[in-house]
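The values are calculated or read from the model by the stated rules, or taken from the named source; none is laboratory data. For clarity, every value in this text was computed on a predicted model and none was experimentally measured. All Cβ positions, glycine included, derive from the backbone under ideal geometry; neighbour counts span all protein chains shown. SASA here: full protein model, heavy atoms, side chains in, ligands and nucleic acids out. Shrake-Rupley method; radii C 1.70, N 1.55, O 1.52, S 1.80 Å.
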Amino acid sequence: MATGHTDPRRRERILVAALDLIAEEGVAGVSHRKIAARAGVPLGSMTYHFTGIDELLLEAFTGYADHVVAVFERHLAGAATQEEAREAVTDLVHTLSEGPRRDLILVQELYTLAARREPYRALCARWMRRSRALLEAHFPPATARRLDALIEGLTLHRALDDDPPDRSVTREAVRRITAD
């Protein structure tokens, strides 16, 4: 493994390790020492790259939010009609809810931090604005706002349900929200 100045991906490995640990142990179980061990970097790298655990967590969660926005972009990019956009949203809900358990946990950990602390609330607000902007390319702003909330709720419910509803239920919910 490369070390020191010959390791240009060290910061990125630290951020990935932080998210992996959050998914396994929750934010409360994360420490510089555990992240460094997971990333395979010297403990001193933590303070070299980040001023503290809050900066590290905020940057890791920002990267995670960017990832989810990119998933939104991929799903919505090809939709040329409103009906195609509705189907893209249906696909998005199923992709997110059937995705890795890690992603579901990370979202919930971020929301918990956002409920308690302003920097994470601001991050979530930026994330929601970006998601809504992508939806607004296909739907009016008020509809995009409702649709964004529907996506979050359906994703969570489908991911946690022992017998999640099928695509027809998601498709009908999306159709009703976007029937304006």
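Assorted remarks:
- Looking only at region 105-124, residues that are within 28 Å of R175 (Cβ to Cβ) and open to solvent by less than 30 Å² (accessible area, probe 1.4 Å) come to 2 in all.
- Looking only at residues in region 72-96 that are hydrophobic (A, V, I, L, M, F, W, C) and open to solvent by 40 Å² or more (accessible area, probe 1.4 Å), the one that is farthest from S131 (Cα to Cα) is A80.
- Region 28-52, residues that are of a type in the set (A, V, I, L, M, F, W, C) and open to solvent by 50 Å² or more (accessible area, probe 1.4 Å): A28, A37, L43
- Among the residues of region 130-166, those identified as exposed (fewer than 13 other Cβ atoms within 10 Å of the Cβ) and among the acidic types (D, E) are D161, D162, D163, D166.
- Residue match in region 12-27 (condition: within 20 Å of L106 (Cα to Cα), of a type in the set (G, A, S) and either at pLDDT below 95 or surrounded by fewer than 16 Cβ atoms within 10 Å (Cβ to Cβ) (or both)): yes
- Flag for T155 being closer than 16 Å to E83 by Cα, part of a helix (DSSP H, G or I), out of contact with any Cys (no Cβ under 8 Å at 6 or more places or on another chain) and polar (S, T, N, Q): no
- Residue check for V169: among the β-branched types (V, I, T), open to solvent by 30 Å² or more (accessible area, probe 1.4 Å) and at pLDDT 95 or above: yes
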